[in-house]
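The block underneath contains the structure these notes are about, expressed in structure tokens.
The values are calculated or read from the model by the stated rules, or taken from the named source; none is laboratory data. Treat the numbers as computed from the prediction; the structure is a model and nothing was measured. Cβ placement follows ideal geometry from the backbone for every residue including glycine, while neighbour counts extend to all protein chains displayed. Side chains included, ligands, DNA and RNA excluded: accessible areas come from the protein's heavy atoms. Shrake-Rupley method; radii C 1.70, N 1.55, O 1.52, S 1.80 Å.
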Amino acid sequence: MQPQDFLPFAELFRQPTFLVDSSGRVLGANRPAHEKFGAPGRLQTILDTPPEALAEFLRRCARTRNRCAGAFALFSGARCQLDGCLVQPRTDSTAAVIAVRFLSESESGAAFHVLNHDLKAIRHEMAERSHVQAELRREREWLRVTLMSIGDAVIATDLAGRVELMNPIAQSLTGWTESEALGLPLSEIFHIVEDGSQAPVPSPVDEVLEGGANATLPRHTLLLSRDGSRWPIDDSAAPIRNEDGAVIGSVLVFREVTERRRLENLAASRMEELAESSRRKDEFLGMLAHELRNPLAPILTSAAILKAQPTSRAGIEWTASLIERQATHMVRLVDDLLDISRVTRGRIELHRETIDLTTMLQQAVETVRGDIDAREHELVWEVPDQVARVEADPTRLEQVFTNLLQNAAKFTPPHGTITVTARVEGSEVVVSVKDCGIGIAPVLLDRVFDLFAQGDCGLDRSGGGLGIGLTLVKQLVTLHGGSVSAHSAGPGEGSEFIVRLPCMPAESVLDAKSAATRVRPPRTPRRVLVVDDNVDAAESLELLLRSMGHTVFVAYDGPSAIELAESERPDVILLDIGLPGMDGYETAKRLKSNPRTSSAACIALTGYGQEEHRQRSLALGFVAHLTKPVETETLSRLMSECASGVALKA
């Protein structure tokens, strides 16, 4: 036992007790000793006895573990008895340490005697207690360091809810330093409210201290910082218990979840978008079925009429016209679907050339003239004879304005007005297509260019369409470096679509009269081989080509086509790609490798119209790639170009 460890035990005695070394120098004293004798430096100064007597007494105490006693006189004249007890034996480097207690002549030293004999056990117990206290201090320090260093905010309280610890994260989020918060009720530094209503939220610590169970915050809780900042948090609180299991405090752990909330909101928004996209897709599939069935019904009816009874020339022409119109409508639907697929995958390539925008707009108007005249619309034309020239793909740009004019005609009631204007503003040409039709609801105006977006057309679907036309318009205008916007005052107030395109400087454009004019080659009868496994398609194409004056042969698979080509030596081969067994690509390879058939001009005529199919056809030596159904005018032009040696373009 160290001398300083003995002093707390000296306070247990009501008699004055000193701790001295073997020379009598005072090392410490209990309270009664201070009260009676003050603070003497040496024991000899308070005794009226020869120094040799005190020295002998101390030598006896230092030599034994037993109690030593002696009678002495004080300078006050009173007689006393000294009890001595060895606390620490002498070593080579230190003197012995002795506890000396002052007793009156009537007092017994038994208690001190017992203390003397039990000092070893007491020293052991003291060492154990010292070790336990040191361990507790280390554990408390370890816990404090841990709580101070973790990434979450931590606040510990006592049983009354007063702050006992705050780590740096908690200090940062609440705006309170630990020194400011220590001892304050948690309610003064930890204020939380609901994210939406801003209503106060009860502290989970109160629940823990009252019920002794863990508690958590509700979702969407905000922590109000001291400086007014608001932090979205989630947290949990747990009780702190002593060794008996009684609650003696609480620990609150919380974290700032701004990023997590952002990701949750983003995920929720994305889910809503996906649900909306799925809903619009389902609507689109329903519209697609409706739009495809509409033209199929009159086509089948017309076929039945032709088949059921003899028909006059006028009836045949009427029926043929009806079939042509409805088939053209179906082709337009399929083309729109293919175009939107190419656009969304970035597979459209523009073939730019210098074009006069006024001429382009006139062509678009003529394309939809039938729709305008059928509903007796008034067309207001406010376009200069030569408004501007642009570098653009003429086919795609005409598609843009045709779609806008078709929408205007479709959604404008009979006898309504459609206005087309064009003007140059700086380096841009601005084209407006305005109608007085059904208008656009504000809720739809922001997404009118989204894929499959349509207003409420009702079950009659009098407007029709697949809801992809405006998406195509926006994508195609964007590919040309321009922009398109929609404007409407609301339902029933009409709509206006404004297209802005970069125009060419006037001085860089050649006069229209100097532009080269393509001369159509003369029609020349050719020997044509049609290869298609669809018998109806092959035979109908045979009849069409024969009506143009060509000699036609038909094969329904690759091997038959190769055999027929060797015997008939055709000038042109219209070859389907999707043939059974030997496909069109393999058939073309064999035809090109055969000297007897290699000179024939191979034209792909197929339902595969993607760019990769076109590129593969051209790489194999096809002179053109046509997608079904092919227009009569296009087929006639290609036959003539094959005859004249003009470079084909299809």
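Just need a number here: residues in the stretch 569-598 that are outside any helix (DSSP H, G or I) and in contact (Cβ under 8 Å) with a residue 24 or more places away in the chain. Looking only at that region, the number is 18.
Taken over the stretch 604-621, the residue count meeting the criterion of being touching a residue at least 40 places away in the same chain (Cβ under 8 Å) and closer than 21 Å to ASP533 by Cα is 4. Within the bounds of the stretch 573-596, is there any residue that is closer than 23 Å to GLU631 by Cα, modelled with pLDDT under 90 and either touching a Leu at 6+ places or on another chain (Cβ under 6 Å) or of a type in the set (Lys, Arg) (or both)? No.
Tell me, which residue of the stretch 190-202 that is without any contact (Cβ under 8 Å) to a residue 24 or more places away in the chain and closer than 24 Å to VAL247 by Cβ is least open to solvent (accessible area, probe 1.4 Å)? Among residues in the stretch 190-202 that are without any contact (Cβ under 8 Å) to a residue 24 or more places away in the chain and closer than 24 Å to VAL247 by Cβ, the one least open to solvent (accessible area, probe 1.4 Å) is VAL201. Among residues of the stretch 543-555 that are without any contact (Cβ under 8 Å) to a residue 24 or more places away in the chain, those with a Cβ under 8 angstrom from a residue that is in a strand (DSSP E or B) and open to solvent by less than 10 Å² (accessible area, probe 1.4 Å), sequence gap 6+ or separate chain, pair up as ARG546/VAL552. For the stretch 613-633, the candidate set comprises residues that are in a helix (DSSP H, G or I) and at pLDDT 80 or above; within that set, the residue that is most open to solvent (accessible area, probe 1.4 Å) is ARG616. When the stretch 570-597 is filtered for residues that are exposed (fewer than 13 other Cβ atoms within 10 Å of the Cβ) and over 21 Å from SER540 (Cα atoms), the ones remaining, listed by number, are GLY581, SER593, PRO595, ARG596. Can you spot a residue in the stretch 530-549 that is of a type in the set (D, E, K, R) and under 19 Å from PRO595 (Cβ atoms)? Scanning the stretch 530-549, I find no residue that is of a type in the set (D, E, K, R) and under 19 Å from PRO595 (Cβ atoms), so the answer is no.
Within the stretch 427-442, if we keep just the residues that are open to solvent by less than 30 Å² (accessible area, probe 1.4 Å) and β-branched (Val, Ile, Thr), the residue that is farthest from LEU476 (Cα to Cα) turns out to be ILE440.
Checking each residue in the stretch 1-26 for being modelled with pLDDT of 85 or more, part of a loop (DSSP other than H, G, I, E, B) and either within 24 Å of SER130 (Cβ to Cβ) or touching a strand residue (DSSP E or B) at 6+ places or on another chain (Cβ under 9 Å) (or both) picks out GLN15, PRO16, SER22, SER23, GLY24. The lone criterion from (1) at pLDDT 90 or above; (2) polar (S, T, N, Q); (3) open to solvent by less than 60 Å² (accessible area, probe 1.4 Å) left unmet by SER567 is number (3).
Inside the stretch 152-186, can you point out the residues that are open to solvent by 20 Å² or more (accessible area, probe 1.4 Å), closer than 25 Å to GLY211 by Cβ and in contact (Cβ under 8 Å) with a residue 24 or more places away in the chain?
Step one: list which residues in the stretch 152-186 are open to solvent by 20 Å² or more (accessible area, probe 1.4 Å), which gives 152, 158-160, 162, 164, 168-169, 171-172, 175-180, 182-185.
If we keep only those that are closer than 25 Å to GLY211 by Cβ too, we end up with 152, 158-160, 162, 164, 183-185.
Once the filter is applied, which keeps residues that are open to solvent by 20 Å² or more (accessible area, probe 1.4 Å), closer than 25 Å to GLY211 by Cβ and in contact (Cβ under 8 Å) with a residue 24 or more places away in the chain, the stretch 152-186 yields ASP152, ASP158, LEU159, ALA160, ARG162, GLU164, PRO185.
Against the conditions (1) within 30 Å of PHE6 (Cα to Cα); (2) at pLDDT 90 or above, ARG137 satisfies every one except (2). Keeping to the stretch 207-241, report how many residues are open to solvent by 50 Å² or more (accessible area, probe 1.4 Å) and in a loop (DSSP other than H, G, I, E, B). Of the residues in that region, 8 qualify.
Contact map, the stretch 219-236: residues that are small (Gly, Ala, Ser) paired with residues that are surrounded by fewer than 16 Cβ atoms within 10 Å (Cβ to Cβ) and at pLDDT below 90, Cβ distance under 8 Å, separation 6+ or inter-chain. Pairs shown: SER236/ASN214; SER236/THR216. Would you confirm whether any residue within the stretch 27-38 is closer than 29 Å to HIS131 by Cα, open to solvent by less than 40 Å² (accessible area, probe 1.4 Å), touching a helix residue (DSSP H, G or I) at 6+ places or on another chain (Cβ under 9 Å) and in a strand (DSSP E or B)? Within the stretch 27-38, one or more residues are closer than 29 Å to HIS131 by Cα, open to solvent by less than 40 Å² (accessible area, probe 1.4 Å), touching a helix residue (DSSP H, G or I) at 6+ places or on another chain (Cβ under 9 Å) and in a strand (DSSP E or B).
Got at least one residue in the stretch 513-532 being modelled with pLDDT of 90 or more, open to solvent by 30 Å² or more (accessible area, probe 1.4 Å) and over 19 Å from HIS351 (Cβ atoms)?
Step one: filter the stretch 513-532 for residues modelled with pLDDT of 90 or more, giving 527-532.
Among the residues that remain, those that are also open to solvent by 30 Å² or more (accessible area, probe 1.4 Å) are: 527.
Next, only the ones that are over 19 Å from HIS351 (Cβ atoms) stay: 527.
Scanning the stretch 513-532 turns up at least one residue that is modelled with pLDDT of 90 or more, open to solvent by 30 Å² or more (accessible area, probe 1.4 Å) and over 19 Å from HIS351 (Cβ atoms).
Among residues that are under 20 Å from LEU165 (Cα atoms), under 31 Å from the mean Cα position of the chain (by Cα) and open to solvent by less than 80 Å² (accessible area, probe 1.4 Å), VAL253 is included. Condition first: more than 17 Å from VAL87 (Cα to Cα), among the hydrophobic types (A, V, I, L, M, F, W, C) and part of a helix (DSSP H, G or I). Now tell me which residues in the stretch 39-54 satisfy that. Hits for the stretch 39-54 are ILE46, ALA53, LEU54.
Would you check which residues across the stretch 244-272 are closer than 19 Å to ALA170 by Cα and assigned to a loop (DSSP other than H, G, I, E, B) and list them?
We begin by selecting, within the stretch 244-272, every residue closer than 19 Å to ALA170 by Cα; these are 249-260.
Of everything in the stretch 244-272, just one residue is closer than 19 Å to ALA170 by Cα and assigned to a loop (DSSP other than H, G, I, E, B), namely VAL257.
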